[in-house]
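Working notes, structure below.
Coordinate-derived values only; no laboratory data. Everything quoted here is computed from the prediction, not taken from an experiment. So basically every Cβ, Gly included, is an ideal-geometry build from the backbone, and we count neighbours across all protein chains shown.
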Amino acid sequence: MKRLALTTAIVGLLVAAFPPLATARSGNAPADKRVFYQGKTSQDMDLLFDVLHTQDQGNLWEPFFTNFTITCPKTGDQFTFGFFFIGFQIPLVDRQFDLNFPDLQIPFDWNGTVRRFDAFGHQSLGFAAYDGQGGLQDCGTGELNWKAKALGAGAARGANQVKGQYHITIEKNASGKVTETISFSR
């Protein structure tokens with residue numbers, strides 16, 4: 001029962017976090033519009049973002065999440081890694097964006113071009129790790145391509161649209177460990 005209540009609460013929070021595609025503004029000002037884009041990387045990993053079309057700030061790219069498979073060259077280890085973003089609004093300049101974190105531990109870059117019905121670009125992620133022998137290895141993804149399609153009202157009528165649901169479950173076991181599961185179904 002706790003799991004059902006928590007899942008219901010999370011879904012409610014997600015609905016609150018992502019208002020309808022067109023949200024009203026005060027007075028007679030035109031409404032801002034939000035269009036979601038869902039896609040995959042060349043590693044077949046999911047990504048999601050939206051573009052907020054505003055009257056006063058122009059078009060803002062808002063990442064939600066992206067996932068990777070990281071490979072370590074010395075040990076051959078592979079593992080999945082994901083970013084979840086909250087509060088990022090990157091202005092689109094000539095329909096393009098670049099989100100770059102030049103970090104020493106986990107360098108990350110996500111750039112691309114957003115069009116009305118689709119988007120495309122590149123991603124890369126590095127990950128510094130030990131090699132098990134006391135040395136270091138530069139794990140990462142290399143340069144990845146990605147593609148996405150607009151969802152919902154912003155998509156072309158009659159075009160193949162991606163339809164599905166994301167299910168987010170957060171569980172806390174008896175010892176207090178919290179686990180999160182995100183799945184997608186069509």
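Dimensions of the range 43-86 from C-alpha coordinates, computed as largest minus smallest value along each principal axis and given longest first, are 51, 16, 15 Å.
Applying the Karplus relation 6.51 cos²θ - 1.76 cosθ + 1.60 with θ = phi - 60° to the range 110-116 yields 3J(HN,Hα) values of 9, 9, x, 10, 10, 10, 4 Hz, where x marks Gly and Pro.
Between the beta carbons of Gln105 and Thr54, assuming R0 = 30 Å, the FRET efficiency works out to 0.30 to the nearest 0.05.
When you filter the trypsin sites (Lys or Arg not before Pro) in the range 79-150 for DSSP loop state and at most 14 other Cβ atoms inside 10 Å of their Cβ, you are left with Arg95, Arg115, Arg116.
Only alpha carbons enter this Debye calculation for the range 42-140, each as an equal point scatterer, and the log10 of I(q)/I(0) it gives at q = 0.19 Å⁻¹ is -0.94.
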